[in-house]
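> Okay, here's the structure, questions in a sec.
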Amino acid sequence: MAEKGQEVVAVVMEPIQSEGGDNYLSGEFAQGVRDLTLEKGIFMIVDEVQTGVCATGKFWAHEHWNLTTPPDFVTFAKKMLSCGFYHRDETRMMQGYRHFNTFFGDPVRAQLSACQNKIIKADKLDEVAMRTGAHLQGRLAELEKKHPRFV
């Protein structure tokens, strides 16, 4: 994918930077980065370690961006009860099982994640997160208008 002599191989983005306050990336900005990565042959990696697993009302926070082409790689951990990444078909190895090591994962953690994800879907916890987040953001906006020096 990358051109010979190219210095940038990938761009790593967090949907919400959560250190020192919450900084959200807009869908327009993310789509602009995606367009540029496709144009330049650069991989787009979305780091969902802190934002994945319905924390934002969607399973992956980057789904809020409504990208026309999905990221090349997505990393996850913490709330997933396991860690790893998934990627587009275009980035898969041509021959399977060439990279056989601990990255294949832990079967116990994989089972925990699978059970957790079934509960999330069955109990519609994404909808709960969406409603709760909308309520919290609405109330914070009210407080900000009322007390702009403090919120």
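The values are calculated or read from the model by the stated rules, or taken from the named source; none is laboratory data. Everything quoted here is computed from the prediction, not taken from an experiment. Every residue, glycine as well, gets a Cβ built from its backbone with ideal geometry; the counts of neighbours run over all protein chains shown.
> Give the residue that is surrounded by the fewest Cβ atoms within 10 Å (Cβ to Cβ), with candidates limited to residues of segment 22-46 that are closer than 16 Å to Phe73 by Cβ and among the small types (Gly, Ala, Ser).
Gly41
One line per residue, one yes/no per condition, for (1) under 23 Å from Val11 (Cβ atoms); (2) modelled with pLDDT of 95 or more; (3) touching a strand residue (DSSP E or B) at 6+ places or on another chain (Cβ under 7 Å); (4) surrounded by 13 or more Cβ atoms within 10 Å (Cβ to Cβ):
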| residue | (1), (2), (3), (4) |
| --- | --- |
| Glu63 | yes, yes, no, yes |
| Val74 | yes, yes, yes, yes |
| Met80 | yes, no, no, yes |
| Cys83 | yes, no, yes, yes |
| Arg88 | yes, no, no, yes |
| Phe104 | no, no, no, no |
| Ala110 | no, no, no, yes |
| Asn117 | no, no, no, yes |
| His135 | no, yes, no, no |
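> Here is a follow-up. Condition first: of a type in the set (A, V, I, L, M) and in a loop (DSSP other than H, G, I, E, B). Now tell me which residues in segment 122-151 satisfy that.
Within segment 122-151, Val151 is the sole residue that qualifies.
> Scan segment 105-130 residue by residue and report those that are touching a residue at least 40 places away in the same chain (Cβ under 8 Å) and charged (D, E, K, R).
Listed by number, the residues that qualify are Asp126, Glu127.
> Can you pull out the residues in segment 104-151 that are closer than 16 Å to Thr56 by Cα and touching a Gly at 6+ places or on another chain (Cβ under 9 Å)?
Asp126, Glu127, Val128, Ala129, Met130, Arg131, Thr132, Gly133, Ala134
> Can we say Thr37 is closer than 19 Å to Gln137 by Cβ and either under 10 Å from the mean Cα position of the chain (by Cα) or at pLDDT 95 or above (or both)?
Answer is no for this residue.
> With the requirement that a residue be aromatic (Phe, Trp, Tyr) and farther than 20 Å from Ala10 by Cβ, what does segment 21-61 give you?
First pass over segment 21-61, keeping only residues aromatic (Phe, Trp, Tyr): 24, 29, 43, 59-60.
Correct list: Tyr24, Phe59.
> A further question follows. Sort out for me the strands (runs of 3 or more DSSP E) sitting completely within segment 21-95 that have 2 or more residues that are touching a helix residue (DSSP H, G or I) at 6+ places or on another chain (Cβ under 9 Å), touching a residue at least 24 places away in the same chain (Cβ under 8 Å) and hydrophobic (A, V, I, L, M, F, W, C).
Those strands (runs of 3 or more DSSP E) span 43-47, 73-76.
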